[in-house]
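The structure appears right after this line, and notes come after that.
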Amino acid sequence: MEGETEATMEQRTVVNNVMCLLTHQDGAPLGAPMYLPQNIGPQQLQLIVNQLLQNEEKLPYAFYISDEELLVPLETYLQKHKVSVEKALPIVCQPQAVFRIRPVSRCSATISGHGEAVLSVAFSPDGRQLASGSGDTTVRFWDLGTQTPMYTCTGHKNWVLCIGWSPDGKYLVSGSKSGELICWDPKTGKQSGNALTGHKKWITGISWEPVHLNAPCRRFVSSSKDGDARIWDVSLKKCIVLSGHTLAVTCVKWGGDGVIYTGSQDCTIKVWETTQGKLIRELKGHAHWVNSLALSTEYVLRTGAFDHTAKHYSSPEEMKKVALERYKSTRGNAPERLVSGSDDFTMFLWEPFTNKHPKTRMTGHQQLVNHVYFSPDGQWIASASFDKSVKIWNGTTGAFVTVFRGHVGPVYQISWSADSRLLLSGSKDSTLKVWDIRTRKLKQDLPGHADEVFSVDWSPDGEKVASGGKDKVLKLWMG
């Protein structure tokens, strides 16, 4: 334009640009704020981020503004949300799983065999085997190839309430209503060693020491209604008692930093070191029983060295090294986060290593919170409640994101797909439901069980879902 001064031309250019601050998930900036053209979209942002981070391999990213994924050019988003562009617009850059999981859509097998309700189901860390525990006092291993029973393991005297795979896949431990724990060899279905006795009441949780801290896996921790947790060494058959809670211990997690977290009906969460079982810290805030604990690194702790390709390793050393790399890349520079769900209808988000006070209190459920779970990438927290809803929260700040309604009974358990894009829920209403995190809608309704669904698990390789419940059957679901 004739007569236009340099200053007005510059001004016009700046108006069409918007100042953006690209940040990591934990809020740490990728660099200084920069002016970006308003017509830029997710594709161009991908290139900018990969350049900024000097990634040798180009990684896929998703971009979020206030917990909403950016799927349109910036100007469209800004107009729709009437966002002020006076100060730098924070855009969170979230690395995406390179693979995509297909949503499960049909029941591929209904496997009967258990004589009573199926109380727990769990895939092995590589996703190749499946185990279940039941009110009929047995543990069963299932062949996923033929979708038939492989081994029926007898030895418990009472209901099998919980099971836990070691992250190297070498053992499965089961805990019963009588308080004893049994270690099984998944290759043979045989009991390895005598039952581990000491707990006086039923077992409420089992968690293994992460493989990046110790390979091959030897130690796990169990929690019990008797008010204690115990660290067991399956090779030495020794145990360290963690006592200090005044009521039942309801849940337990062995963290990636090498400490153990226990949640209790005494309303506290305790943090323990694992060589002598000394109490390090106490996390207080809940007004009622603590029901469920989850760690931001849970998926990588569970799967150890196995990724979605289920590659197998020749030595424990190699496994430990790969597991440590995976753990570090999931955790990033941020401290490991812990979330707790309670009978007081609330949840707390903690960074126990940096602060004994909660980072935030998460409110909104109308009834007790039954199960909490971080997505594999740590970006989201899902909570299941007796109020029939599932809620999604920001995994770093604890801010409320969305609610999934559709179940007509309490939601008992939830499980994430390996790519963090889909969430599965199982309910008293006898259905499973798959929710899409991006569209925030129901993706798939999976009826088929004849009664309450007590337990659900999405295989770590993302291929299948298993569910079990009051109708005594195990169902496998595929994409």
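The values are calculated or read from the model by the stated rules, or taken from the named source; none is laboratory data. Note that the coordinates shown come from a computational prediction; the quantities given were computed from them, not determined experimentally. Methodologically, a virtual Cβ is constructed for each residue, glycine included, from the backbone with ideal geometry; neighbour enumeration extends over all protein chains shown. Just the protein is used for accessible areas: all its heavy atoms, side chains included, with ligands, DNA and RNA removed. Shrake-Rupley method; radii C 1.70, N 1.55, O 1.52, S 1.80 Å.
Treating each Cα of the chain as one equal point scatterer and applying the Debye formula with no solvent, the log10 of I(q)/I(0) at q = 0.11 Å⁻¹ comes out as -0.88. Taking a sphere under 15 Å around the Cβ of LYS359 and counting the other residues whose Cβ falls inside, with K and R at +1 and D and E at -1, yields a net charge of +2. Report note on the peptides 32-41, 134-143: ranked by the mean count of other C-beta atoms within 10 Å, highest first, their order is 134-143, 32-41. Between beta-carbons, use under 10 Å as the cut-off and find the net charge around VAL465, counting Lys and Arg +1, Asp and Glu -1. After counting each charged neighbour, the total is 0.
For the range 78-216, evaluate the Debye formula with one uniform point scatterer on each Cα (no solvent term) and list log10 I(q)/I(0) at q = 0.11, 0.12, 0.16, 0.19 Å⁻¹, rounded to two decimals. After summing over all Cα pairs, the log10 values are -0.52, -0.58, -0.86, -1.14.
Once the 1.4 Å probe is applied to the protein heavy atoms, the range 297-347 comes out at 45 Å² accessible per residue. Cross-link pairs exceeding 31 Å in C-alpha to C-alpha distance, out of LYS356/LYS472; LYS80/LYS441; LYS58/LYS359; LYS58/LYS270, comprise LYS356/LYS472; LYS58/LYS359; LYS58/LYS270.
Translational D (Stokes-Einstein, µm²/s) of the range 396-479 at 25 °C and 0.890 mPa s when Rh comes from the Kirkwood sum over C-alpha pairs?
On the way: Rh = 13.1 Å.
Value of D from the Cα-based Kirkwood radius: 187 µm²/s.
Overall, the range 343-447 carries a charge dipole of about 240 debye about its Cα centre when +1 sits on the Cβ of Lys and Arg and -1 on the Cβ of Asp and Glu, all other atoms neutral.
Counting only heavy atoms of protein chains, what accessible area per residue, in Å², does the range 422-479 have with a probe of 1.4 Å? The partial results should precede the final answer.
Working: 1840 Å² over 58 residues.
Result: 32 Å² per residue.
Considering only TRP165, GLY41, MET150, and ranking their Cα positions along the charge dipole of the chain that arises from unit charges at the beta-carbon of Lys, Arg, Asp and Glu, the one farthest toward the positive end is MET150.
Remark: the LYS80-MET478 segment gains 139.5 nm on full extension, using 0.36 nm per residue and subtracting the alpha carbon distance.
Size of the dipole of the range 168-297 about the Cα centre, Lys and Arg at +1 and Asp and Glu at -1 on the beta carbon, nothing else charged, in debye to 20? Let's see the in-between values first.
On the way: 17 positive and 11 negative charges, 46 e Å.
Result for the range 168-297 is approximately 220 debye, rounded to the nearest 20.
Across the range 374-431, Cα-Cα pairs farther apart than 16 Å form 40% of the total. Put simply, the convex hull of the Cα atoms in the range 244-381 casts, on average, a shadow of 9.1 nm².
How many angstrom lie between the C-alpha centres of the range 107-125 and the range 192-267? So the two Cα centres are separated by 25 Å. Summary of packing: across the peptides 123-133, 446-456, the per-residue average of other C-beta atoms within 10 Å ranks them, highest first, as 123-133, 446-456. Taking all protein chains as they are arranged and a probe of 1.4 Å, the heavy atoms of THR76 leave approximately 60 Å² accessible to solvent.
Tell me, what is the per residue accessible area of the range 184-270 in Å², probe radius 1.4 Å? Don't skip to the answer; put the middle values down first.
Working: 3160 Å² over 87 residues.
Heavy-atom accessible area per residue stands at 36 Å².
A straight chain from THR188 to SER329 at 0.36 nm per residue would run longer than the Cα-Cα distance by 47.3 nm.
Overall, the accessible surface of the chain at a probe of 1.4 angstrom is composed of carbon and sulfur to the extent of 51 percent.
Taking loop as defined by DSSP and a crowding limit of 12 other beta carbons within 10 Å, which GluC sites (Glu not before Pro) in the range 43-144 fit? Before the final figure, lay out the partial values.
Values: sites: GLU56, GLU57, GLU68, GLU69, GLU75, GLU86, GLU116; in loops: GLU56, GLU57, GLU86, GLU116.
Here the GluC sites (Glu not before Pro) that fit, given the DSSP loop and packing criteria, are GLU56, GLU57, GLU86.
Only Lys, Arg, Asp and Glu carry charge here, each on its Cβ (+1 for the first two, -1 for the last two); on that basis the chain has a dipole of about 1340 debye about its Cα centre. Histogrammed with a bin width of 10 Å, the alpha carbon distances of the range 51-158 distribute as 10, 26, 17, 15, 18, 12, 2 percent, first bin at zero.
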